[in-house]
Amino acid sequence: MSRRARGLLTACLALAVPAALAAQAPTPRPASEWGSGPGGDGPPVFRHEPIFGVGPHTTWKGGWGLEMELESESGEQTIPVELLYGITERLTVTVALPFSTPGAGSGVGDLGLRAKWRFATTFDREGSNALAVLGGVTIPRVGVVGVRKGGPTAMLGLAAGRESRRWYFFAGARGIVRTSDNGIAPGDRVALNLAWGIRPRRTEFRAPDLVLLLETNGRYEGRTRVDGRLRRASGGRVLTVAPAFLLSVRNVMLKGGVELPVWDDFNDPLRSADATVVAAIELHW
């Protein structure tokens, strides 16, 4: 494992202990707008967050969440499935596993393990602001003999958000270190995201609630090394925009969006960015 990977994994572990301790302190919030989940003073706190980026929301203590997506990119379809659990009100852990759709090849994708600690939350008369740190690892499944795609990856990031009854704003940054395996070392990645949202119509708790989002995402990927040699026709940059929606009814949310590339600069002249379509359902209990 590379020095960068060891450093990032150490940072994730170093954050875990203070996160678990600090997360024990409850965060007060106005009962009229910010419920704490089942048995609280209001509706469950949904993950009103970007679809293609990251946000700072966590679920309530003892709460479970299940998200199933249908994702289509470059003619290939996958079904990522995520299971969430709230260790505390501020600390949520996630297990993610993507599956291939029939006709897109058989098998299960790489196992993802993530944690998010919402370490700061403030409230004012208009809404709330939150900051969260997130980290995780992705463990590749055993691949086909002769196919080399690199080793485990480690991710560390920061997410911020502002939420009110009318407007939403999100920003996030993630660094992803991709380790080498069997002679191949994929390039590291950096992902940045901004998102703006609006609730066109304020509704009561039991009524359907619609939020519209416009996301902007930028990604950078370093060059790959194969057997120690730099592959020049690899890596690059891409900028995208993505209109999306979130429609929730109590503890069920439907969401979807289309991510459209507006600019790319890949080192491989034959490579270009493709649109990504996502449709998902999210359940909380």
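I'd like the GluC sites (Glu not before Pro) in segment 107-214 restricted to DSSP loop residues with at most 13 other Cβ atoms within 10 Å, sorted by number. Before the final figure, lay out each step's value.
Details: sites: Glu126, Glu163, Glu204; in loops: Glu126, Glu204.
In loop regions of segment 107-214 (DSSP not H, G, I, E or B), the sparsely surrounded GluC sites (Glu not before Pro) are Glu126, Glu204.
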Study note, to complete from the structure: Put in order of increasing Cβ neighbours within 10 Å, starting from the fewest, Leu254, Leu84 give Leu254, Leu84
Exercise for review: Quickly work out the Leu158-to-Leu66 label distance, labels modelled 7 Å from Cα along the C-beta direction, and quote it in nm with one decimal.
Suggested key: 3.6 nm
Review point. P(r) tail for segment 68-134, what percent of Cα pairs lie past 19 Å?
Key: 51 percent
**Study point:** Rounded Å value of the spacing that divides the Cα centres of segment 66-87 and segment 242-285
**Key:** 11 Å
Study note, to complete from the structure: Given backbone amide H placed at 1.01 Å from N, residues whose amide H is under 5 Å from that of Asp188, ignoring those fewer than 5 places away on the same chain, are Arg178, Gly222
Point to revise | segment 74-81 - phi-based ³J(HN,Hα) in whole Hz, Karplus 6.51/-1.76/1.60, Gly and Pro as x | key: 6, x, 10, 10, 10, 10, x, 10
**Study point:** Spin-label pair Ala207/Arg166, simplified geometry with 7 Å Cα→Cβ offset, distance in nm
**Key:** 1.6 nm
Check your understanding: Taking square-rooted eigenvalues a ≥ b ≥ c of the alpha carbon gyration tensor, is segment 165-285 rounded, prolate or oblate, where a/c under 1.5 means rounded and, failing that, a/b exceeding b/c means prolate?
Key -> prolate
**Study point:** Note, ³J(HN,Hα) from phi for segment 228-236, Karplus 6.51, -1.76, 1.60, rounded to Hz, x at Gly and Pro
**Key:** x, 9, 6, 8, 5, 8, 8, x, x
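Based only on other Cβ atoms within 10 Å, what is the fewest-to-most ordering of His57, His284? Could you put the intermediate results ahead of the total?
Numbers: His57 19, His284 23.
The most exposed by this proxy come first: His57, His284.
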Revision key, fill the gap. Answer in debye to the nearest 20: the dipole magnitude of segment 207-247 about its Cα centre, from +1 Lys/Arg and -1 Asp/Glu charges placed on Cβ, is 560 debye
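So, counting K/R as plus one and D/E as minus one, what does the shell of residues with Cβ under 9 Å around Pro152 add up to? Could you put the intermediate results ahead of the total?
Values: positive: Arg178; negative: Asp110, Asp181.
Computed value for this residue: -1.
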Review point. With the dipole of segment 107-238 worked out from charges on the C-beta (+1 for Lys and Arg, -1 for Asp and Glu) around the Cα centre, which of Gly135, Thr179, Gly161 lies farthest toward the positive end?
Key: Thr179
Revision key, fill the gap. Amide H proximity to Asp110 below 5 Å, modelled H, separation 5+ or other chain, gives Arg141
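No value in this document is a laboratory result; all are computed from the given coordinates. The structure presented is a predicted model; accordingly, all values stated were derived computationally and were not measured. We place every Cβ from the backbone using ideal geometry, glycine too, and count neighbours over all the protein chains shown.
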